[in-house]
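Step one of this worksheet: look at the structure below.
The values are calculated or read from the model by the stated rules, or taken from the named source; none is laboratory data. Note that the coordinates shown come from a computational prediction; the quantities given were computed from them, not determined experimentally. All Cβ positions, even for glycine, are placed from backbone atoms using ideal geometry, and neighbour counts span all protein chains on display.
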Amino acid sequence: AAGVIQSPRHLIKEKRETATLKCYPIPRHDTVYWYQQGPGQDPQFLISFYEKMQSDKGSIPDRFSAQQFSDYHSELNMSSLELGDSALYFCASSTRLQETQYFGPGTRLLVL
Amino acid sequence: GQQLNQSPQSMFIQEGEDVSMNCTSSSIFNTWLWYKQDPGEGPVLLIALYKAGELTSNGRLTAQFGITRKDSFLNISASIPSDVGIYFCAGRTETSGSRLTFGEGTQLTVNP
């Protein structure tokens with residue numbers, strides 16, 4: 001079965017640079033979620049979108065923004081990167097009706 | 001916000017043994033999910049629970065949604081080496097929208 005696709009899988013950036021992470025949800029899933037997982041931590045919710053509209057917002061820094069496009073894929077844009085932004089970033093998708101979230105393989109971001 | 005207390009933090013067992021882990025909260029949850037995460041990978045959904053008292057199995061895994069709606073447990077029977085990984089509970093309350101709150105995780109090690 002098709003799963004959530006994330007790209008890139010690994011990303012290395014310098015401080016103050018920008019990064020764009022992409023997420024392609026499972027086909028026919030209309031809701032995407034972004035989570036951040038620091039080393040040894042549990043995933044923390046950042047933001048979610050339903051039908052291209054922001055549906056919920058968690059602990060997402062103002063330096064980050066995200067959107068969902070007409071094909072339901074989503075992008076997380078991160079600017080003025082800081083060392084503390086180094087983490088695994090996961091995208092999850094679901095249908096609005098069931099809301100069971102299926103996670104992608106993640107993007108490992110390293111900020112030097 | 002909601003907080004999930006997951007225990008134990010880590011377990012070291014012999015192959016063939018049964019394992020039990022649980023999550024508790026002071027908040028009432030309407031959904032409990034159990035995920036397994038391998039290093040550097042995304043959480044993989046194991047079992048989803050939607051009703052108080054619900055008991056669901058997936059192969060050697062069994063999970064229950066507590067009657068009080070404040071807890072859930074996961075049992076693994078006859079463990080095998082590939083069960084190694086981090087197990088997370090995650091839940092959603094009536095006030096948390098669609099975002100998931102995760103427990104701190106249980107690191108399982110299975111000795112052959």
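Does residue B:97 count as assigned to a loop (DSSP other than H, G, I, E, B), at the interface with chain A (Cβ under 9 Å from one of its Cβ atoms) and on the phi > 0 side of the Ramachandran plot?
Yes, satisfied.
Inside the stretch A:90-101, can you point out the residues that are within 10 Å of another protein chain (Cβ to nearest Cβ) and under 12 Å from residue A:35 (Cα atoms)?
A:90, A:91, A:92, A:101, listed by residue number.
So is residue B:49 over 19 Å from residue A:33 (Cα atoms), within 14 Å of chain A (Cβ to nearest Cβ), more than 10 Å from the chain's Cα centre (by Cα) and free of Cβ contacts under 8 Å to residues at least 40 places away in the same chain or not? Steps first, answer last, please.
Details: over 19 Å from residue A:33 (Cα atoms): yes; within 14 Å of chain A (Cβ to nearest Cβ): yes; more than 10 Å from the chain's Cα centre (by Cα): yes; free of Cβ contacts under 8 Å to residues at least 40 places away in the same chain: yes.
Considered against the rule, which asks whether it is over 19 Å from residue A:33 (Cα atoms), within 14 Å of chain A (Cβ to nearest Cβ), more than 10 Å from the chain's Cα centre (by Cα) and free of Cβ contacts under 8 Å to residues at least 40 places away in the same chain, residue B:49 comes out as yes.
Please go through the stretch A:28-60 and pick out each residue that is more than 14 Å from every other protein chain (Cβ to nearest Cβ) and modelled with pLDDT of 95 or more.
Within the stretch A:28-60, no residue meets the criteria.
Write out, first by first residue and then by second, each pair whose Cβ atoms fall under 6 Å of each other, whose residues are 6+ apart or on separate chains, and whose first residue, in the stretch B:9-31, is under 14 Å from residue B:89 (Cβ atoms) and within 14 Å of another protein chain (Cβ to nearest Cβ) while the second is part of a loop (DSSP other than H, G, I, E, B) and of a type in the set (A, V, I, L, M, F, W, C).
The qualifying pairs are B:23/B:4; B:25/B:4.
Could you tell me which of the residues B:43, B:39 is of a type outside the set (Lys, Arg), within 28 Å of residue A:5 (Cα to Cα), within 14 Å of another protein chain (Cβ to nearest Cβ) and exposed (fewer than 15 other Cβ atoms within 10 Å of the Cβ)?
B:39
Which of the numbered conditions does residue B:92 fail, given that it passes all the others? Conditions: (1) among the basic types (Lys, Arg); (2) farther than 25 Å from residue A:3 by Cα; (3) buried (at least 19 other Cβ atoms within 10 Å of the Cβ).
Residue B:92 satisfies every listed condition except (2).
Take the conditions farther than 30 Å from residue A:7 by Cβ, in contact with an Asp or Glu (Cβ under 9 Å, 6 or more places away or on another chain) and either crowded, with 21+ Cβ neighbours inside 10 Å or free of Cβ contacts under 8 Å to residues at least 60 places away in the same chain (or both) and apply them to residue B:80. Does it pass?
On the way: farther than 30 Å from residue A:7 by Cβ: yes; in contact with an Asp or Glu (Cβ under 9 Å, 6 or more places away or on another chain): yes; either crowded, with 21+ Cβ neighbours inside 10 Å or free of Cβ contacts under 8 Å to residues at least 60 places away in the same chain (or both): no.
Against the criterion (farther than 30 Å from residue A:7 by Cβ, in contact with an Asp or Glu (Cβ under 9 Å, 6 or more places away or on another chain) and either crowded, with 21+ Cβ neighbours inside 10 Å or free of Cβ contacts under 8 Å to residues at least 60 places away in the same chain (or both)), residue B:80 does not qualify.
Can you tell me which residue in the stretch A:1-47 is nearest to residue B:34 (Cα to Cα), limited to those that are assigned to a loop (DSSP other than H, G, I, E, B) and either in contact with an Asp or Glu (Cβ under 9 Å, 6 or more places away or on another chain) or of a type in the set (Lys, Arg) (or both)?
That would be A:42.
Taking only pairs six or more apart or across chains, which ones have beta-carbon atoms under 7 Å, a first residue in the stretch A:20-34 that is under 23 Å from residue A:81 (Cα atoms), and a second residue that is in a loop (DSSP other than H, G, I, E, B) and among the small types (Gly, Ala, Ser)?
The qualifying pairs are A:23/A:104.
Residue B:60 passes all but one of (1) over 23 Å from residue A:94 (Cα atoms); (2) within 13 Å of chain A (Cβ to nearest Cβ); which number fails?
Tallying (1) over 23 Å from residue A:94 (Cα atoms); (2) within 13 Å of chain A (Cβ to nearest Cβ), residue B:60 fails exactly one: (2).
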